[in-house]
Amino acid sequence: MTKTARPMRILFADDETSLQELMRIELPRLGHEATVCPDGRTAIAALDRTAYDCVIVDLDMPGVGGMEVIARVREVAPDTETIILTGKSSLESAVAAVRQGVFDYLTKPCKLAEIRGVLERVRKKRELTLRLRALEGRLRRAEGATRLVGGSPGLDEVRRLVSRVAASDSAVLVRGETGTGKELVARAIHDGSPRAAAPLVAVNCGALPEHLVESELFGHRKGAFTGADEHRAGLFEVADGGTLFLDEIGELPRSLQPRLLRALESGEIRRVGDSHPVTVDVRVVCATHRNLEEMVAAGGFREDLLFRINTFEVAIPPLRERLGDLPELVDHFVRRARPQAPRDAEVIDGGALEMLREHHWPGNVRELFNCIEHALVFCDSLPLTAAHLPARLGAARGKPVATLRGVGVVTAPPATPEARPAGPPRSLRELEMQAILEGLKRNQGNKAKTAEELGISLKTLYNKLHQFTDGRPSGQGPSADVA
């Protein structure tokens, strides 16, 4: 153990007097704090008084045996690691205990070096666990609580269903188009469940190569296939005690669907190349944008698996059906990117918001987030305007596209004949504006090219557009979206 490592608090229980005396001397010599007990009953009493990092217990003790002590450890201190001491006659029982979550076992007579080695592995695991929890805590503080943003009736129904199902252990199927926030709903279910302190492990079934899906989900033994150079735990084991989120479950290969069904029904998995099952305690949440019923009819998805994963269903409405949530979503995305913005600051102007409302949003909330991220790159100060939004939004509603530093941005359409002043031009200012608007129309909204044709700088063109906009009543001339 390194000099800077924190000493571990160890509980040792064995009915052999010689081993008790040895551990009283050697465990402190190894740098640990030791409590030595002569039997299981004394060990259980010690567990009720003190928290330990590791418990080493003899499997075969008269009265209260080692497995009863371990059961008590799981009840009062589930994070405490357990190690079994056993004779060769009980080796099979020790192996079975390891499969049930015991950290490791040592056969008697064991050498001091073996004890030192296994305790060092326990220490490293606990250090990694504590570091991971610290990082998760920092991440939660940075991200804030999982929140479904919006107040539309469709999203309120999603919230109601999530709060209803979170407290249970039922399998959940989240349905929705791509980009609607299915993983966010899965996270909300996990965070509202009794498993919230345990891991949420997410995997996209469609993103894994087919030949690796089985190994990723269930793990493998060393040498199980070419390239399997070490034992590896699968995602089911990583998520043990927590939630496993299987995104795009409809992409899971048909050949693996029976194995997933077996794991969900029995709570047991089997690593690739291993003949013994491993018991896991995992709550599974699945998601898909596909019609699984049609896949069942076509033979691409097992009907019994669909029944198993669809104990409870949550359907997320697409963004085009909850456009009333746009202002709140935009505010959320902007303030997450620019937390220094004043709380009362306007984050988007009316013209830009109207452009968002007119878009069809095939990519849903994910597409909206990307649009806001794009806009923030070009926006030096809030509010966002139509000129900051991606060009495709304007193109979708028939607006011409200009170029800002080589990147397409939306401009307002040139004024139509109806928008021009009636009769002949009456001032030099209106003559100038007529020339500018006609130039923009000829050049399909390209301001740089229009300025070059007119023999003025781009800055002068912008200034004249702003002057004309500021001098017209609302709704006349170029729209307020012109930048």
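A few points about this structure:
- For the stretch 106-124 and the stretch 222-296, distance of Cα centres in Å: 32 Å
- Approximating the spin labels as points 7 Å out from Cα along Cα→Cβ, the HIS276-to-HIS211 distance works out to 3.0 nm.
- The ranking of LYS111, LYS464, LYS125 from fewest to most other beta carbons within 10 Å of each one's beta carbon is LYS111, LYS125, LYS464.
- In this structure, the amide hydrogen of VAL272, modeled 1.01 Å from its nitrogen in the peptide plane, lies closer than 5 angstrom to those of GLY219, HIS220, ARG221, counting only residues at least 5 positions away or on a different chain.
- Long pairs among LYS125/LYS182; LYS125/LYS222; LYS441/LYS464, criterion Cα-Cα beyond 28 Å: LYS125/LYS182
- In summary, the stretch 160-315 shows an alpha-carbon radius of gyration equal to 1.01 times the 2.2 N^0.38 Å reference for compact globular proteins.
- ARG221 sits among other residues whose Cβ lies under 12 Å from its own Cβ, and their net charge, with Lys and Arg +1 and Asp and Glu -1, is +1.
- In nm, spacing of pseudo-spin labels at GLU358 and ALA167 (7 Å Cα→C-beta vector): 4.8 nm
- For the stretch 9-132, the spherically averaged projection of the C-alpha convex hull amounts to 7.1 nm².
- Within the stretch 190-210, backbone nitrogen closer than 18 Å to the virtual label 7 Å beyond the Cα of ASP79 toward Cβ: 194-200
- If you plug the beta carbon distance of ASP15 and ALA113 into 1/(1 + (r/R0)^6) with R0 = 35 Å, you get a FRET efficiency near 0.90.
- Length released on extending from ARG259 to ARG336, taking residue separation times 0.36 nm less the Cα-Cα span: 23.6 nm
- DSSP-loop GluC sites (Glu not before Pro) across the stretch 53-83, with at most 15 other Cβ within 10 angstrom: none
- Three-way shape label, the stretch 321-367, alpha-carbon gyration tensor, a/c 1.5: prolate
- Filtered trypsin sites (Lys or Arg not before Pro), the stretch 210-242: DSSP coil and at most 12 other beta carbons within 10 Å: LYS222
Laboratory data are not the source of any read-out in this text; all were calculated from the coordinates shown. Treat the numbers as computed from the prediction; the structure is a model and nothing was measured. FYI the Cβ positions are ideal-geometry reconstructions off the backbone, even for glycines, and counts take in every protein chain you see.
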